[in-house]
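Just below is one structure, and these are the notes that go with it.
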Amino acid sequence: MPHRPTLPQFVDDALSRAPLLMQEVLSGVAALSHSPVPMLLPDVQRLVRLYRADLVSQFTRQLSELLQPQPPAPNQPLRRLVTLSLVEDQAVATDVELSRSVEAVRSTAEASLRELRAFTSALVGDLHVARDTNPLKPELFVRALWLALGDLPTSTRLQLAFLRCATPPLAQGLRLFYAAACTRLEDAGVTPSSYRTIVTGTLSRSWHRQHPPPGDLTGLRHTLPTESAAMLPAGQEGLALLPRIFGAILQSGELAPDVQALVQRLQPVALRVAQRDPTTLDAYTHPMWEFMDRIAFLAEVHTQPTDPQRQQLLAQAGQLVEAMAQEAQPDGASFRWALKRLTAQAQQQFDERLQAAADHIATLDTLGPSFTPTTAEAGHTLPLEAHSLATVQSALLDTANSQVTAGSALVDERWLDDQQPGHWVRVFINGHWRMLQLLWHADDLWLYAELANPTRQTWALRQSALERLHGEGLLRELRPRSLVRRAAARLMRQIAQGR
């Protein structure tokens with residue numbers, strides 16, 4: 001009977017096959033007759049001939065390092081951890097190319113990747129595919145290739161051209177790489193975990209498009225089947241809606257386990273409030289729902305479960321829920337008080353981040369728009385410039401200083417008007433998606449804080465960079481979402497389908 005591997009053994013086996021994968025990618029690049037960068041294709045293929053062995057060895061080494069688990073960062077005072085990263089203008093071009101390469105690979109290998117995820121879930125003991133347990137993610141292979149290219153004695157322009165030429169053969173190679181891995185695991189006696197299938201019927205998407213979430217909860221309350229409220233006292237039939245709302249929120253899969261536990265503790269308090277305050281089940285903007293939304297949002301921007309600030313915020317939220325549970329008659333005012341306390345705690349954390357970055361802000365404020373390479377601090381690079389991103393197909397590779405022409409990119413500049421210190425964004429910088437909070441901006445410079453351990457640093461970007469990243473889909477605003485509104489939409493869909 002074949003030996004059933006563990007997940008680390010499976011990863012080691014896959015790494016041993018990485019050199020062959022890279023050989024196939026390079027052969028694919030060498031065989032190209034048509035490419036997205038025809039003028040540079042001869043130079044790209046020349047790099048393959050000259051540095052094939054180096055690229056194979058460096059790709060394998062970089063992939064191995066990327067797959068190594070990162071040790072947790074020690075808890076240190078915030079002041080000591082904050083560092084300033086001033087990103088080169090070419091970094092935006094690189095990030096656009098990396099993100100597009102990852103999406104192309106993921107799209108091509110989607111079916112094989114989904115199957116492999118079921119097998120890796122089985123290796124870690126999950127009966128169902130409820131989380132992404134596959135460590136061999138497409139972005140790691142793209143990142144390893146890019147880092148391997150960085151060791152070549154050539155320009156960034158040619159490296160970007162190489163990445164673009166290598167993406168199609170890498171996508172096809174990874175599709176087969178993942179499929180072969182599934183076959184080996186199956187031959188070793190591993191039974192893949194199952195995907196939970198939710199049958200929503202043919203109404204689901206079309207109905208949802210034609211029927212947006214109800215404007216408030218009153219329509220949903222009146223739409224509930226009468227038997228749902230038959231056991232409740234007269235005048236309190238609307239309370240039948242509350243457990244269904246909480247059930248829809250908890251079963252959505254959108255909340256982390258620690259946040260789910262808080263919402264479950266909150267449900268009995270919510271029932272007591274709804275019994276006294278009928279408006280609880282009328283509007284999405286009731287303080288009770290806004291308190292829940294704020295908890296979910298703070299947990300979303302503090303993504304790491306081990307983040308001390310996340311733990312501090314959720315601990316305080318738990319104390320607030322417990323305090324309201326002890327009240328004789330909790331009501332909307334109780335939740336307004338709790339929301340105010342939670343907001344004050346988040347504001348205090350923001351003030352600490354702002355103070356920790358005071359030196360960087362003073363430097364940027366002094367230099368302002370005149371910030372140039374000659375005024376950069378030792379060891380730092382330039383603030384982000386994005387004027388070379390008019391069209392990725394030409395401007396990124398044809399000239400280092402190409403300008404955006406009118407109408408060449410559809411960039412919505414108005415979204416920046418609403419950005420204020422304390423607001424959050426999710427942005428792709430230096431090859432990674434990051435959660436950043438705006439600390440300060442003046443004139444052309446915007447300073448953001450990243451809180452994820454062990455990174456914890458600040459990033460300075462020019463306004464043109466923010467606009468271009470936003471236009472490329474590599475930056476989006478993060479604001480609290482209404483949990484109850486989304487739950488109401490799901491319930492309306494279920495009612496329409498007779499479930």
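The values are calculated or read from the model by the stated rules, or taken from the named source; none is laboratory data. Small disclaimer: the values here were computed from a predicted structure and weren't measured. So basically every Cβ, Gly included, is an ideal-geometry build from the backbone, and we count neighbours across all protein chains shown.
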Practice problem: Just give me the residues in the stretch 124-159 being among the aliphatic types (A, V, I, L, M), part of a loop (DSSP other than H, G, I, E, B) and surrounded by fewer than 17 Cβ atoms within 10 Å (Cβ to Cβ), in sequence order. | Solution: V124, L127, A130, L152
Quiz item: If you take the residues of the stretch 1-53 that are outside any helix (DSSP H, G or I) and of a type in the set (A, V, I, L, M), which of them is nearest to G189 (Cα to Cα)?
Solution: M1
Practice problem: Tell me, yes or no, whether the stretch 73-93 has at least one residue that is at pLDDT 90 or above, in a helix (DSSP H, G or I) and charged (D, E, K, R). | Solution: no
Exercise. State yes or no: is T343 of a type outside the set (A, V, I, L, M), over 26 Å from the mean Cα position of the chain (by Cα) and part of a helix (DSSP H, G or I)?
Key: no
Quiz prompt | Search result, residues across the stretch 448-473 that are more than 21 Å from A299 (Cβ to Cβ) and in contact with a Ser or Thr (Cβ under 6 Å, 6 or more places away or on another chain) | solution = Q457, W459
Exercise. Determine whether F162 is under 30 Å from T6 (Cα atoms) and either out of contact with any Lys or Arg (no Cβ under 9 Å at 6 or more places or on another chain) or not small (G, A, S) (or both).
Key: no
Quiz item: Considering A240, A234, A229, A256, which residue is in contact with an Asp or Glu (Cβ under 6 Å, 6 or more places away or on another chain) and at pLDDT below 90?
Solution: A229
Practice problem: Could you tell me which of the residues A315, A296, A270, A283 is in a loop (DSSP other than H, G, I, E, B), among the aliphatic types (A, V, I, L, M) and either out of contact with any helix residue (DSSP H, G or I) (no Cβ under 8 Å at 6 or more places or on another chain) or in the same structural domain as A333 (by TED's automatic domain parsing) (or both)? | Solution: A283
Self-check item: Residues that are over 22 Å from E139 (Cα atoms) and either crowded, with 16+ Cβ neighbours inside 10 Å or of a type in the set (A, V, I, L, M, F, W, C) (or both), drawn from the stretch 49-67
Solution: L50, Y51, A53
Quiz item: Applying the selection to the stretch 448-499, what residues are part of a loop (DSSP other than H, G, I, E, B), polar (S, T, N, Q) and modelled with pLDDT of 85 or more?
Solution: S482
Quiz prompt | Contacts under 8 angstrom Cβ, first residue in the stretch 179-190 being part of a helix (DSSP H, G or I), partner surrounded by 15 or more Cβ atoms within 10 Å (Cβ to Cβ) and of a type in the set (F, W, Y), 6 or more apart | solution = A181/F10; A181/F119; C182/F119; L185/F10; L185/F119; E186/F119
Quiz item: Of the residues S112, S121, S107, S101, which is within 24 Å of G253 (Cα to Cα) and buried (at least 20 other Cβ atoms within 10 Å of the Cβ)?
Solution: S121
